Structure formats: structure tokens, C-alpha cells
Amino acid sequence: MTEKIVVIGGVAAGPKAACHLKRLQPGWDITVVDQDNLISYGGCGIPYYVSGDVSDESELRSTSFHMVRDVPFFERAKGLKVLTSTRALAIDRQNKTVQVEDLESGKKIGLPYDQLMLATGAKPFVLPIAGVELDGVFTIANLHKAVEIKKRIAQGKVDKAVVIGGGAIGVEMAEALADLWGVKTTLVEFMPQLLPHLVDWQFAAMLKTHLQEKNVAVFTGEGATAILGDANGKVTAVQTPERTLEADLVIMAAGIRPRNELAKEAGLAVAPWGGIVVNQRLQTSDPDIYAAGDCIATTNLVTGRETHAPMGSLANRQGRIVGDNMAGINSLFKGVVGSFIMKAFDRCIAATGITYEAACAEGFDADYALTAPADRAHFFPGEAVAVFQLVFDRRTRQVLGMQGFGVMNDSISARIDAAAVMITQGATIEDFRDAEMAYAPPFSAAIDSINAAAFVADNLCADRLRKLDMDRFLAWMEDFSLEPDWVALDIRHPQEAGPFVEKFGQEKWVAVPYAEVRDRHGEVPGDKTIIILCDAGTRSYEVQIFLDHVGKKNTMVLSGGFNVVRRIGVDWYPE
Ligand SMILES: Cc1cc2nc3c(=O)[nH]c(=O)nc-3n(C[C@H](O)[C@H](O)[C@H](O)COP(=O)(O)OP(=O)(O)OC[C@H]3O[C@@H](n4cnc5c(N)ncnc54)[C@H](O)[C@@H]3O)c2cc1C
């Protein structure tokens, strides 16, 4: 018997489920409904369309073989029925019918289903402040908004823009405006750091510094309190508690909320924060109704807690799982580790698992190894620093997360992806230490960054390495009186250490090059706390072991070293 399938939502999860199911059950009658007239687009490509990297919006709706994924494409090539500009109004679970309305004609009909899928996505959160309705204020709700934003910029109507929200979408949009179009762009984030909850503060700080280097003004810990306009209803500025930022374009990227109205009204289980509740087969509380993508609640595999993971990658994977299960193939979506990656101008930032801050809040015996090695063999042309942080539990040695920041190449993504796979499987520090990564000088170092981070974690757990956290070091540098009894032991080249000795004085800054420490360790004061400093932390560790050996055990190694300090950016750095 032919099954009737209705899919509500035609962007990522919906079309993926429908097309996969049609391949599994070619005789089934599958209808996709979307209230929009543009469907199956790569929403993730919106910032690159706005920036101009992608010249035409149809490229975001095209297959890799250059066919536009429109209604005729889905009907002819895929054998689906597709109703665009058609809104699903209600689900009648008793009679297994979805009531839909053609938004152009106003006509309402009932679509019968045997199995139904909700792929209704998420809607942008609109801040409860004055001025959100002004002309020139946008959320990135769909492709139409992106087209309108780009049109205004291309017509020369935008000189100054403010992006509200320093999450991934806000940062990507800030780059899109500032980079190719040269729009004077300001980013404001209510939380104390960019990418809140996604990365720890050091990584957010490195990102902020890079954005500022690229002429994006960034204000963190500062929320928008109002959006101001002129007599014609056109936006003119964004107000924060600290300042008034002039703007003729405002992008509100203040988070998203699952679109759950249909599910709620149909009496399906919905989490208090809004995600539609599903089991691992992605069935809602009604087994004939599935849900996937940005509208669902899923499980964080590290914490075991319910979470919202609105990612295009997951929406597509979940779509396939829905297709499988509808066709009778038992297929499970077990949860997420929260992997993310993004480009910001010339840098790449990525993370998987949970942050150190989250690990502490979750009650883990949390610690982290911050490393800053070369991203490929140090002798290979183009080598650059890649900063990584491995977050782990000292008691169980389980790896809880990994973050990376480096130049825009594949070195960060390769490591974060490998870490994501291992963390999903509950890997320990030993698993990271033993991971067999492919090596050749153009791609990586002989000791891969994944292995190197695990070595540092292992040393920390065994108390072979005693570190000073970056936040404490920076605080001490800002105010020497916070911890008066310390001295820096700078083991870098004299040319690098010299300006610091000159600036801070020999009392505070002792310079002994790495290769000379064994001969000159007598110059290292024995009655003070010694902070050993180098570029990445590796040489400092070796020196710490040697000083321990000669009885000077009052030392700490600066985690991440000057490679991280420089990227964070500090005003005390000698010119
Ligand atoms: C600017 C931007 C950049 C992004 N970058 C990335 C990235 O780099 N990596 C990544 O993994 N993810 C990224 N994402 C997220 C990704 O786009 C989403 O996770 C993905 O689109 C979710 O797909 P979905 O099918 O669940 O929902 P959506 O894409 O939200 O689609 C849902 C569709 O359902 C329709 N709909 C809702 N209710 C009804 C109804 N009652 N009747 C009919 N139709 C309805 C909506 O109109 C919409 O067309 C980005 C998103 C944005 C906005």
C-alpha cells in the first residue's frame, strides 16, 4: 500500500528526509510544504552571499551539478510533490490530516498523511527593545532578508552597520559587511565575550582582537537597549548603556528559538525552552510524527543534558535518519557533542565538546591543556601557529572538549573533526595521545597537535607540569601588586626578551635563554615564584623539570605562552 508522507519545512532537514525516503520507497506519495517560495537553500552560505563571495542567491539553491533546487527540480528529478508559499496551519492527529493554506490564493485544504515530519526550523529571537520594527533593521530569518540586505549595500545605502549579537552568525555577518563592502561595522555582544558558551574566554579574546585588527569595532559586555530612528521610520542608531552607535543597517543576530507552534497546538511534547521532544529515532511523542533540524531538542553526549543544536550539518543527518525510520529501517540519532567551526577574516575558530567553563559548571574535575604549536612542520614554508585547548576531567581522564584558533587553512578543522569523533566515543587523554594522525610536513608536525595537547594534559594530570593560567598571568601583569612575589623567567631569544627586561626591570624580568639555563640557573631567584615564559610553553616545561631537579621548585609555566598572549593582544606589550 502506498504510504502518504507530508513533510512541513523545505530547507534542510525536510528535503533531505523526503529525497532519501523517496529513494528507499520510490512508490510512496511524498509532499513537502513550505510557507516560503525559496526552498532547499544553504542558509549557512548567507554570509558569503552577502559579502559577495557568492555572487548570486541561486548558487545557494543549486546542486553541485548546477541545477537550481526549485519546485520543478524536486518534482521532476526527485519525484516529490512540493507546495511552496503554503503554510501548515494545524495538525489533526485524530484524522491524520494537516490543514494547509495557499498563501497566494488563501485557499485552505487538508493533506492526509500516514506519517508526518516537522522540519519547521527556528526563528530569530527579536529583542524586546524599542525600534526593532524600523526600516533597516533585519534578522537573518531567510534568504529574502539576505537578498534585501545585499541589495541595500550594493545600492550604496549602507555606510555604517551595527550587528547585535556576537555569536557565530553575528560574527560572520560582521565580516561580510566589513570585508568586501567596506561598511563601517560595529559588533555588540551583551555577554562578556564573543561566541559565548561556544569557546572559552582566551579563544573569544583572540577572535575579538582579530576582528578589531580588521576594523570591526567590537563591544562586549554591552547589550543594545534601543534602536533609534528618524521621522521617516528609518533606523539611525543603536543605543547601548555606554554609547550611541550610528547605523543605517542593523542586523539582529541575538539567537534563535525552535519553531514549535504546530507541535504545541497538536499536543506533542515540547521542552520548556521550546525544542520539540523526540526519541533517538526522531519520533515525537506521537510515533507517526517525526521531527528534525533546528526545531528539536537533542542530547549533549558529554553532559547527558537536553540541548539545542541548530546546525545545517545535523539537520541533514537527522533528515536521513527520519527517512530511514519512516521507511522501516531502524536508524538512530544519539545526540551531539556540539562541533562548530567558522571563518573570521583570515582566521579560523572551531570547537567540539564542552568548554572549560561549562565543564566546571557541570561539576567535572575539569582542567585544560592550552598549547600553541606550529600547524605544520616548522621548516615548511607558510607554517603558522595554531592554538588548541584540550578540556579534560582529571579524575576520569575523559576528554570533554577541544577548541582551536589559527589561520584560515585546514589545520584547525582536521584536529577539531578528529577530536569530535573521539569525544563522541568517550575518548580519554590516552586515546588522544595514541591517535594515529597522518603526517607529512606540508600538513602537520611529526607530533600532531592532537597528540601534543594530550601529552600536556598527561603531564598536568601527573603533576609533572605546573602551569599558570593565562587569566591569572594577565591579571598579574595588569597589576603587579595582586601577586607581588613573582619574577618572570623569559627563556626566549635575547632579542625577544630584551625589550621586556628594559620595560619591567631586572627585578621583575629575568632573561636567560633556553639553551643557557643549565649553565646560568644560579641567576634564577630561589625565594620568589618564577613564571617561566616562552612562545608555546614547550621549552618552559623542559626548563621547569630542570629547575625542579636543581631544587628550584617554585616555578610555573605560562600555559600557551607568548603565542597566546600576542593573539589576545595586551597593552603592556613593548613596542
Ligand atoms: C546566516 C546563517 C549561517 C549559518 N551557518 C551555518 C554553518 O556554517 N554551519 C551549520 O551547520 N549551520 C549553519 N547555519 C544553520 C543552518 O542554516 C540551520 O541549522 C538549518 O538551515 C536548519 O535547517 P531546518 O531544515 O531544520 O530548518 P530551516 O532552515 O529553518 O527551515 C525551516 C523551513 O520551514 C518553514 N516552515 C516553518 N513553519 C512552517 C509552517 N507552519 N508551514 C510551512 N512551512 C513552515 C520555514 O519557513 C523554513 O523555510 C546557519 C544559519 C544562518 C541563518
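So S313 passes all but one of these: (1) among the hydroxyl-bearing types (S, T, Y); (2) within 14 Å of the ligand (Cβ to nearest atom); (3) assigned to a strand (DSSP E or B); (4) over 30 Å from L89 (Cβ atoms). Which condition number does it fail? Exception for S313: condition (3).
Just wondering, is there one or more residues in the stretch 335-358 that are of a type in the set (A, V, I, L, M, F, W, C), touching a residue at least 12 places away in the same chain (Cβ under 8 Å) and either assigned to a helix (DSSP H, G or I) or in contact with a Pro (Cβ under 7 Å, 6 or more places away or on another chain) (or both)?
yes
Among the residues of the stretch 169-197, those that are surrounded by fewer than 21 Cβ atoms within 10 Å (Cβ to Cβ) and within 22 Å of G338 (Cβ to Cβ) comprise F190, M191, P192, P196, H197.
Does I491 fit the bill of being farther than 30 Å from Q193 by Cα, of a type in the set (V, I, T) and crowded, with 17+ Cβ neighbours inside 10 Å? Judged against the criteria, I491 is a match. Filtered by the rule that a residue be crowded, with 18+ Cβ neighbours inside 10 Å and not hydrophobic (A, V, I, L, M, F, W, C), the stretch 321-330 gives G323, D324, N325.
Report whether or not G382 is more than 30 Å from S444 (Cα to Cα), surrounded by fewer than 20 Cβ atoms within 10 Å (Cβ to Cβ) and either of a type in the set (D, E, K, R) or without any contact (Cβ under 8 Å) to a residue 40 or more places away in the chain (or both). When the stated conditions are applied, G382 does not pass them. Selection of the stretch 277-306 for residues being more than 27 Å from R93 (Cβ to Cβ) and either surrounded by fewer than 18 Cβ atoms within 10 Å (Cβ to Cβ) or touching a Gly at 6+ places or on another chain (Cβ under 9 Å) (or both) yields N300, L301, V302, G304, R305.
Residue check: is Q99 surrounded by fewer than 18 Cβ atoms within 10 Å (Cβ to Cβ), farther than 30 Å from K150 by Cα, more than 15 Å from the ligand (Cβ to nearest atom) and not charged (D, E, K, R)? It is false that Q99 is surrounded by fewer than 18 Cβ atoms within 10 Å (Cβ to Cβ), farther than 30 Å from K150 by Cα, more than 15 Å from the ligand (Cβ to nearest atom) and not charged (D, E, K, R).
Screening V235 against (1) touching a Ser or Thr at 6+ places or on another chain (Cβ under 7 Å); (2) in a strand (DSSP E or B) leaves a single unmet condition, (1). On the stretch given as the stretch 1-42, residues that are over 19 Å from A263 (Cβ atoms), in a loop (DSSP other than H, G, I, E, B) and under 25 Å from the mean Cα position of the chain (by Cα) total 4.
Out of the stretch 258-302, which residues are away from the ligand (no atom under 14 Å from the Cβ), hydrophobic (A, V, I, L, M, F, W, C) and not in a loop (DSSP other than H, G, I, E, B)? If the condition is that a residue be away from the ligand (no atom under 14 Å from the Cβ), hydrophobic (A, V, I, L, M, F, W, C) and not in a loop (DSSP other than H, G, I, E, B), then V270 is the only one that fits.
All of W201, W273, W181 fail the test of being of a type in the set (A, V, I, L, M, F, W, C) and more than 22 Å from the chain's Cα centre (by Cα), apart from W181.
Just one residue in the set G45, G27 is near the ligand (Cβ under 9 Å from one of its atoms), free of Cβ contacts under 8 Å to residues at least 40 places away in the same chain and out of contact with any Gly (no Cβ under 7 Å at 6 or more places or on another chain); that residue is G45. Please state which of the following conditions E59 fails to meet, knowing it meets all the rest: (1) within 16 Å of the ligand (Cβ to nearest atom); (2) free of Cβ contacts under 8 Å to residues at least 24 places away in the same chain; (3) in a loop (DSSP other than H, G, I, E, B). In the conditions (1) within 16 Å of the ligand (Cβ to nearest atom); (2) free of Cβ contacts under 8 Å to residues at least 24 places away in the same chain; (3) in a loop (DSSP other than H, G, I, E, B), E59 misses (3) alone.
Every condition in (1) surrounded by 20 or more Cβ atoms within 10 Å (Cβ to Cβ); (2) at pLDDT below 95; (3) under 25 Å from W201 (Cα atoms) holds for V524 except the one numbered (3).
This table checks each residue for (1) over 30 Å from E357 (Cβ atoms); (2) within 16 Å of the ligand (Cβ to nearest atom); (3) assigned to a loop (DSSP other than H, G, I, E, B).
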site	(1), (2), (3)
K157	yes, no, yes
V162	no, no, no
G166	no, yes, yes
E172	no, yes, no
T186	no, no, no
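Is it true that some residue in the stretch 73-85 is within 21 Å of V147 (Cα to Cα) and within 13 Å of the ligand (Cβ to nearest atom)? Yes, there is a match, as at least one residue in the stretch 73-85 is within 21 Å of V147 (Cα to Cα) and within 13 Å of the ligand (Cβ to nearest atom). Count of the stretch 136-155 residues, restricted to those that are more than 25 Å from Q35 (Cβ to Cβ) and more than 16 Å from the ligand (Cβ to nearest atom), is 2.
From the list A350, A358, A315, the lone residue that is surrounded by 18 or more Cβ atoms within 10 Å (Cβ to Cβ), more than 23 Å from G43 (Cβ to Cβ) and small (G, A, S) is A358.
Got at least one residue in the stretch 332-347 being within 10 Å of the ligand (Cβ to nearest atom), hydroxyl-bearing (S, T, Y) and out of contact with any Lys or Arg (no Cβ under 7 Å at 6 or more places or on another chain)? Yes: one or more hits.
The values are calculated or read from the model by the stated rules, or taken from the named source; none is laboratory data. The structure displayed is predicted, hence computed values, not measured ones. Glycine also receives a Cβ, built like all others from the backbone with ideal geometry; neighbour counts cover every protein chain displayed.
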